[in-house]
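What follows is one structure encoded as structure tokens, with my remarks underneath.
The values are calculated or read from the model by the stated rules, or taken from the named source; none is laboratory data. On a predicted model such as this, the values are computed, not experimentally measured, just so you know. Remember, those area values only see protein heavy atoms, side chains included, never the ligands or the DNA or RNA. Shrake-Rupley method; radii C 1.70, N 1.55, O 1.52, S 1.80 Å.
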Amino acid sequence: IISDWREPDPPSIQRYWHAQITSMYRRQMVGTLVCHTVFSCFKENERVRDVFVAVRAIEKEAFNSAITVEEYHENFFRKYSEYRYSDYPCLIR
């Protein structure tokens, strides 16, 4: 599981605001929501890996598509919320 805690993927499109967000911050964004998901479900390790993969993909999409920092946060939490409620109904709402 710790191997999943790597640097985030670089953006596919450079935006002016990307310089304001460090890779450590991006990792914290993913880690925070992974922890919420993991500790709400308490499932086997394979599911934990799946959560890392899914939340990392959500963060990457939000980071690449947003034009502003505000849009990055809005997209990230909106997409995570959609994922959380559709794929993991056992989570605390």
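If DNA, RNA and ligands are ignored and the probe is 1.4 Å, what is the ranking of 59, 46, 71 by accessible area, most exposed first?
Ranking 59, 46, 71 by accessible area, largest first, yields 46, 71, 59.
Could you derive backbone 3J(HN,Hα) for the range 6-14 from the dihedral phi with the Karplus parameters 6.51, -1.76 and 1.60 (θ = phi - 60°), listing whole Hz in sequence and x where the residue is Gly or Pro?
Using θ = phi - 60°, the values come out as 10, 4, x, 5, x, x, 7, 10, 7 Hz.
For 16, 80, 25, write out the residues from largest to smallest accessible area, computed with a 1.4 angstrom probe and no ligands counted.
Largest accessible area first, the residues go 16, 25, 80.
Residue 50 to residue 32: extension gain in nm, 0.36 nm per residue of separation minus the Cα-Cα distance? Walk me through the intermediate numbers first.
Numbers: separation 18, 0.36 × 18 = 6.48 nm, distance 1.52 nm.
Between residue 50 and residue 32, full extension yields an extra 5.0 nm.
Using the Karplus curve 6.51 cos²θ - 1.76 cosθ + 1.60 with θ = phi - 60°, work out ³J(HN,Hα) for each residue of the range 60-73 in order, rounded to whole Hz, and write x for Gly and Pro.
Running phi through 6.51 cos²θ - 1.76 cosθ + 1.60 with θ = phi - 60° gives 4, 4, 5, 5, 6, 8, 6, 9, 10, 4, 4, 5, 4, 5 Hz.
With a 1.4 Å probe and every protein chain left in place, tell me how much accessible area residue 74 has, in Å² to the nearest 10.
Answer for residue 74: close to 120 Å² accessible.
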